[in-house]
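Please read the structure below before turning to the comments.
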Amino acid sequence: MKLQQLRYIWEVAHHDLNVSATAQSLYTSQPGISKQIRLLEDELGVEVFSRSGKHLTRITPAGQTIIEQAGEILRKVESIKQVAQEFSNEKAGSLDVATTHTQARYALPPMIRKFINEYPEVSLHMHQGTPMQIAEMAADGTVDFAIATEAMEHFGDLVMMPCYRWNRCIVVPKGHPLTQLKELTLEDVSAHPIVTYVFGFTGRSKLDEAFLRRELVPKVVFTATDADVIKTYVRLGLGIGIMAQMAYDEKHDADLVSLDASHLFEASTTMIGCRKGTFLRGYMYDFIELFAPHLTRGLVDEVFQIQTRSELDELFAEIELPLR
C-alpha cells in the first residue's frame, strides 16, 4: 500500500468519481491513476469503486470506510509537513480559507491586507460557498479554516470559535414608504415583497424564526446567496431587501436607504472553525487573532482542549463579542 494510492482514491472520490478531472488536478495521467487504484484494490482484496465498463459508478460500502481512513492518513501526513515547515521557515507556507461572499467581500478585506503584509511568503487561498459547503471543506481537510454563520454546528469534528455578532438591515430605494416610519415593525416588513438570503445561508434562520414567533408569513419573492445580488434586485423594484448590515456601503449604495432592523431580529454570530487535531502554525494563530482579536493564541489552545459544547459556551460566556 502506497501513500500515493491513498491520495488517488481520496481525490477521485472528491472529484465525483471523474478520473480524468482527478488526473488534471494532480498533473498526472488518467491510466496511471486507474492502474494504481486497481493495484490497491488487488492488495486489499476488495473493490473501492464499483464500475460499469471503464467508468466508476459509485463508492462501495467497503470503499467508503477505506476512503475515510485514507483521508485521516493524508491529514496526518499534512500535519507532519506543517510541523516541519514551522521549524524550517515559520513565515512561509499556505493557508486555505472557506467563507461566504458576504464575509469575503465585507468582513475580511482589512485583515487580509494586514495578514499579507505581515506574511508575504504565505500563499493565501480563498474558497467561497454555502455554509454547508464551507463546513464540509473544513471537516474533510480541504481548507484550514471555515468562516461562516450557519451550518458549522452540525459538524462535530470541527473546533468552532465565536468571532463577532452582527445583525440585519432593511434596504429600500429612496422615497420608499418604509422610510417614513419612525420605527419598523415586523408587520410593516411583512406587508412588502422581500428579497433576502437563501434559506440556510448567512443567518437566514434568525429571520425566519422572528416571523414565525409573530405568526407572520413573509412574502419572500426572491432569494440569493450574497448581498450584492439582493441589492441589485431591490434596485429593480422587486421588493425590499433584508441583508447583513455590514453589506451596506454608504458610498456605493447611496441610491438605497438602510433601515435599522436590529430590534426585529436576534443577532447572529460568525464563527471560525477548523478540524480537531489540526496543527496550527504561528501564522495561523495570527490569522485568527487578526480576524477576532479576543481569540489570542492562549485562548485558542484552551479551546482545542475542550471536549463538550457546554464547556465552550462557558468559556466564552464572559467574553463580550463585538457587534459589526
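The values are calculated or read from the model by the stated rules, or taken from the named source; none is laboratory data. Bear in mind the structure is a predicted one, so any value in this text is a computation, not a measurement. All Cβ positions, even for glycine, are placed from backbone atoms using ideal geometry, and neighbour counts span all protein chains on display. Areas reflect the complete protein model, heavy atoms only, side chains present, ligands, DNA and RNA absent. Shrake-Rupley method; radii C 1.70, N 1.55, O 1.52, S 1.80 Å.
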What number of residues within the stretch 24-49 are closer than 13 Å to Ile9 by Cβ and either part of a strand (DSSP E or B) or within 29 Å of the chain's Cα centre (by Cα) (or both)? 2
Evaluation of Tyr27 against (1) under 25 Å from Gln128 (Cβ atoms); (2) in contact with a strand residue (DSSP E or B) (Cβ under 7 Å, 6 or more places away or on another chain) (one fails), failing number: (2)
Any idea how many residues of the stretch 105-146 are under 30 Å from Glu68 (Cα atoms) and among the hydrophobic types (A, V, I, L, M, F, W, C)? 12
Would you mind stating whether Ala138 is closer than 13 Å to Leu280 by Cα and among the hydrophobic types (A, V, I, L, M, F, W, C)? no
Pick from the stretch 251-294 the residues that are free of Cβ contacts under 8 Å to residues at least 60 places away in the same chain and farther than 19 Å from His101 by Cα: which of them is surrounded by the fewest Cβ atoms within 10 Å (Cβ to Cβ)? Lys251
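Yes or no, residue by residue, for (1) touching a strand residue (DSSP E or B) at 6+ places or on another chain (Cβ under 6 Å); (2) open to solvent by less than 90 Å² (accessible area, probe 1.4 Å); (3) among the hydrophobic types (A, V, I, L, M, F, W, C); (4) closer than 21 Å to Leu3 by Cβ:
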position: Val19; (1), (2), (3), (4): no, yes, yes, yes
position: Ala23; (1), (2), (3), (4): no, yes, yes, yes
position: Pro31; (1), (2), (3), (4): no, no, no, yes
position: Lys35; (1), (2), (3), (4): no, no, no, yes
position: Arg38; (1), (2), (3), (4): no, no, no, yes
position: Asp42; (1), (2), (3), (4): no, no, no, yes
position: Gly45; (1), (2), (3), (4): no, yes, no, yes
position: Ser50; (1), (2), (3), (4): yes, yes, no, no
position: Thr57; (1), (2), (3), (4): yes, yes, no, no
What number of residues in the stretch 213-242 are hydrophobic (A, V, I, L, M, F, W, C), in contact with a helix residue (DSSP H, G or I) (Cβ under 7 Å, 6 or more places away or on another chain), within 25 Å of Gly129 (Cβ to Cβ) and not in a strand (DSSP E or B)? 1
Among (1) part of a strand (DSSP E or B); (2) among the polar types (S, T, N, Q); (3) open to solvent by 10 Å² or more (accessible area, probe 1.4 Å) - the single one Ser310 does not satisfy: (1)
Is the stretch 295-302 home to any residue that is surrounded by fewer than 19 Cβ atoms within 10 Å (Cβ to Cβ), in contact with a strand residue (DSSP E or B) (Cβ under 6 Å, 6 or more places away or on another chain) and not in a loop (DSSP other than H, G, I, E, B)? no
